[in-house]
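Provided herewith is a single structure, encoded as structure tokens, for subsequent inquiry.
The values are calculated or read from the model by the stated rules, or taken from the named source; none is laboratory data. These figures come from a predicted structure and were not determined experimentally. All Cβ positions, glycine included, derive from the backbone under ideal geometry; neighbour counts span all protein chains shown.
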Amino acid sequence: MERLVKYISSSGLFSKKESESLILNGDVEVNSKIILELGYIVEDTDKVTINGIDIKPQEKILYYILNKPFGYITSFSSAKGTKSTSDLLSDIKVKLSPLNKLDFEDTGLIILSNDNNLKNNFINSYDDFIKEYKIKIDGIIKKEELNNLKKKLHFKLYDLSYNAEKTSSILRISLKDTKIKDLKKEFNNSSFKIKSLKLEKIENISLDIKEGFKRPLKPYEIKILKLKAMNKI
């Protein structure tokens with residue numbers, strides 16, 4: 001719900017002063033009824049017209065991150081019985097598009113927005129973004145084996161640890177030019193099959209929320225994201 005003047009000016013077609021004049025001149029109808037009251041409250045279901053032309057506020061541009069849980073597909077919708085990341089956004093009225101994707105079995109950072117310009121730029125430049133992953137693999141990987149994989153896949157290793165039972169290795173790596181699907185294929189074709197993969201960071205945006213939760217991007221995160229997507233930095 002919002003005041004009629006704000007509703008009209010939010011369309012981007014008229015200023016606040018012009019919106020007020022249109023109302024006072026009897027040019028504005030709500031549900032086919034002329035409204036002359038500047039403070040009239042418009043409901044979400046109301047139809048507003050000016051001289052017979054439908055008027056709607058411009059859609060607000062939103063930027064969010066989501067911590068994707070295991071077993072969700074990265075999509076607007078899903079087949080019956082399949083969970084989608086859109087199920088975790090039901091309280092947001094604006095339709096947000098995932099800018100990056102994670103496989104069904106993977107978890108972690110998803111960036112979402114209804115900014116189509118950013119989406120197109122981001123998709124075209126995604127390989128240039130530094131992505132940080134936490135990967136758990138079968139077995140205890142030795143330095144020589146790890147170095148061979150690093151040379152082949154061009155990733156940077158930040159940390160290597162092992163589970164308490166010494167049955168799995170846990171790697172924290174960053175990727176830039178290499179695609180994650182190629183890295184997964186290489187590991188899964190070796191004796192070090194991937195048990196879990198989590199995307200923890202994209203460039204300056206870190207995963208700092210619980211699994212299944214979301215938060216709006218901060219202004220400085222949006223700024224860096226847009227500049228990087230346009231290859232400005």
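Against the conditions (1) assigned to a helix (DSSP H, G or I); (2) under 19 Å from Asp106 (Cα atoms), where does Lys152 fall short? Just the number, please.
The one condition Lys152 does not meet is (2).
Glu2 passes all but one of (1) exposed (fewer than 15 other Cβ atoms within 10 Å of the Cβ); (2) within 26 Å of the chain's Cα centre (by Cα); (3) within 21 Å of Pro216 (Cβ to Cβ); which number fails?
Only one criterion in (1) exposed (fewer than 15 other Cβ atoms within 10 Å of the Cβ); (2) within 26 Å of the chain's Cα centre (by Cα); (3) within 21 Å of Pro216 (Cβ to Cβ) is unmet by Glu2, namely (2).
How many residues are under 30 Å from Lys223 (Cβ atoms) and of a type in the set (D, E, K, R) if we restrict to the stretch 27-58?
Result for the stretch 27-58: 1.
Given the residues Asn121, Asn117, which is the only one that is within 26 Å of Lys228 (Cα to Cα), part of a helix (DSSP H, G or I) and touching a residue at least 40 places away in the same chain (Cβ under 8 Å)?
Asn121
I've got another one for you. Among the residues of the stretch 135-146 satisfying the criterion of being in contact with a strand residue (DSSP E or B) (Cβ under 9 Å, 6 or more places away or on another chain) and more than 18 Å from Gly108 (Cβ to Cβ), which is modelled with the lowest pLDDT?
So, considering only residues that are in contact with a strand residue (DSSP E or B) (Cβ under 9 Å, 6 or more places away or on another chain) and more than 18 Å from Gly108 (Cβ to Cβ), the one modelled with the lowest pLDDT is Lys143.
Okay, residues lined up against (1) surrounded by 16 or more Cβ atoms within 10 Å (Cβ to Cβ); (2) over 30 Å from Leu118 (Cα atoms); (3) of a type in the set (S, T, N, Q); (4) outside the structural domain of Leu89 (by TED's automatic domain parsing):
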residue	(1), (2), (3), (4)
Lys142	no, yes, no, yes
Ser169	yes, yes, yes, yes
Lys179	no, no, no, yes
Asp182	no, no, no, yes
Leu197	yes, no, no, yes
Ile209	no, no, no, no
Lys214	yes, no, no, no
Tyr220	no, no, no, no
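Could you tell me whether the stretch 59-76 includes any residue that is farther than 26 Å from Ile222 by Cα and among the aliphatic types (A, V, I, L, M)?
Checking the stretch 59-76: not a single residue is farther than 26 Å from Ile222 by Cα and among the aliphatic types (A, V, I, L, M).
Give me a count of the residues in the stretch 19-64 that are in a loop (DSSP other than H, G, I, E, B) and more than 32 Å from the chain's Cα centre (by Cα).
13
Consider Leu88 carefully, then state whether it is in a helix (DSSP H, G or I) and either surrounded by 10 or more Cβ atoms within 10 Å (Cβ to Cβ) or among the polar types (S, T, N, Q) (or both).
yes
Among the residues of the stretch 176-233 satisfying the criterion of being in contact with a strand residue (DSSP E or B) (Cβ under 6 Å, 6 or more places away or on another chain) and assigned to a loop (DSSP other than H, G, I, E, B), which is farthest from Lys136 (Cα to Cα)?
Among them, the one singled out is Leu217.
Just the residues that are closer than 20 Å to Glu200 by Cβ, part of a strand (DSSP E or B) and under 12 Å from the mean Cα position of the chain (by Cα), please, taken from the stretch 96-112.
Pro98, Gly108, Leu109, Ile110, Ile111, Leu112
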